[in-house]
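Undergrad: Before I ask anything, here is the structure I am working with.
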Amino acid sequence: MKVKGFLKDVGGASRVTKARLEAFASASSTPISQDPIGDVARAWHPGKLALIVTEIREASPTAKSFRFVRADGGELPYFYAGQYMVLDFQIGQSTISRPYSISSAPSQARGVNGFVEITVRRSRGDGFICDHLNDNVKVGDTFSALLGCGQFYYEPLRDARHVVALAGGGFIAL
């Protein structure tokens, strides 16, 4: 390491600090009410939401699709195709959380009439919550949920141009 270059860097840091202090001194005392970065973060990660079941339809002889909207009428958070949501079930005195792949397109969640759907297959004897959903949930039921979970989606900045993706445990009902 060269001493001359080090001293130049240290001197540069003091110039930046001086400029920052001058900017603080000349800034308005009125707080900035807009927070565009925070707004984007809250749109993607609003935390737990209350969702209402608005539609249930048979997807196959062994599965049902459940459509949800926000209970407060607000917009749903952004998500990528391939992500999942976590639903909280209140059964007796217990709260049980289960993840479910989102079967609706991200574009269907946008706007005033936005919704999100999951499709849940009846279990083969080993899925208590799957059967509870298929047998007991009805239109109007409310759930607490997290949306946009998981990293199983294509991201062109992260992923190769050509990918092979394999998934198990789900199905597409056409």
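The values are calculated or read from the model by the stated rules, or taken from the named source; none is laboratory data. Note that this is a predicted model, so its numbers are computed, not measured. All Cβ positions, even for glycine, are placed from backbone atoms using ideal geometry, and neighbour counts span all protein chains on display. To get the accessible areas, we keep the full protein, side chains included, count just its heavy atoms, and leave off ligands, DNA and RNA. Shrake-Rupley method; radii C 1.70, N 1.55, O 1.52, S 1.80 Å.
Undergrad: Among the numbered criteria (1) under 22 Å from GLY127 (Cα atoms); (2) hydroxyl-bearing (Ser, Thr, Tyr); (3) open to solvent by 60 Å² or more (accessible area, probe 1.4 Å), which single criterion is violated by SER60?
TA: SER60 satisfies all of (1) under 22 Å from GLY127 (Cα atoms); (2) hydroxyl-bearing (Ser, Thr, Tyr); (3) open to solvent by 60 Å² or more (accessible area, probe 1.4 Å) except (3).
Undergrad: When the residues of segment 139-154 are narrowed to those that are assigned to a strand (DSSP E or B) and of a type in the set (A, V, I, L, M), which ends up nearest to the chain's Cα centre (by Cα)?
TA: Within segment 139-154, the match that is nearest to the chain's Cα centre (by Cα) is LEU147.
Undergrad: Looking for something surrounded by fewer than 10 Cβ atoms within 10 Å (Cβ to Cβ) and not small (Gly, Ala, Ser) - is there at least one such residue anywhere in segment 78-93?
TA: Yes: one or more hits.
Undergrad: Taking segment 151-166 as the region of interest, how many residues are among the polar types (S, T, N, Q) and surrounded by 12 or more Cβ atoms within 10 Å (Cβ to Cβ)?
TA: 0
Undergrad: When GLY38 is evaluated against the numbered criteria (1) closer than 19 Å to ALA109 by Cβ; (2) open to solvent by less than 100 Å² (accessible area, probe 1.4 Å); (3) outside any loop (DSSP other than H, G, I, E, B), which criterion, by number, is the only one it fails?
TA: (1) is the only condition that GLY38 fails.
Undergrad: Okay, moving on. Residue by residue through segment 119-150, note down the ones that are open to solvent by 60 Å² or more (accessible area, probe 1.4 Å), without any contact (Cβ under 8 Å) to a residue 60 or more places away in the chain and not charged (D, E, K, R).
TA: Hits for segment 119-150 are GLY125, PHE128, ASN136.
Undergrad: Check PRO31, PRO46 and return the single one that is open to solvent by less than 80 Å² (accessible area, probe 1.4 Å) and either touching a helix residue (DSSP H, G or I) at 6+ places or on another chain (Cβ under 7 Å) or not in a strand (DSSP E or B) (or both).
TA: Within the list PRO31, PRO46, the selection yields PRO46.
Undergrad: Is it the case, given these coordinates, that PRO106 is within 16 Å of GLY150 (Cβ to Cβ) and modelled with pLDDT of 90 or more? Let's see the steps before the verdict.
TA: Values: within 16 Å of GLY150 (Cβ to Cβ): yes; modelled with pLDDT of 90 or more: yes.
Yes.
Undergrad: Looking at (1) within 17 Å of GLY127 (Cα to Cα); (2) of a type outside the set (D, E, K, R); (3) in a loop (DSSP other than H, G, I, E, B), which is the one condition that is false for ILE96?
TA: Here ILE96 clears every test but (3).
Undergrad: Also, quick follow-up: Report yes if some residue within segment 71-93 is part of a loop (DSSP other than H, G, I, E, B), over 27 Å from ASP131 (Cα atoms) and without any contact (Cβ under 8 Å) to a residue 12 or more places away in the chain; otherwise report no.
TA: Yes, there is a match, as at least one residue in segment 71-93 is part of a loop (DSSP other than H, G, I, E, B), over 27 Å from ASP131 (Cα atoms) and without any contact (Cβ under 8 Å) to a residue 12 or more places away in the chain.
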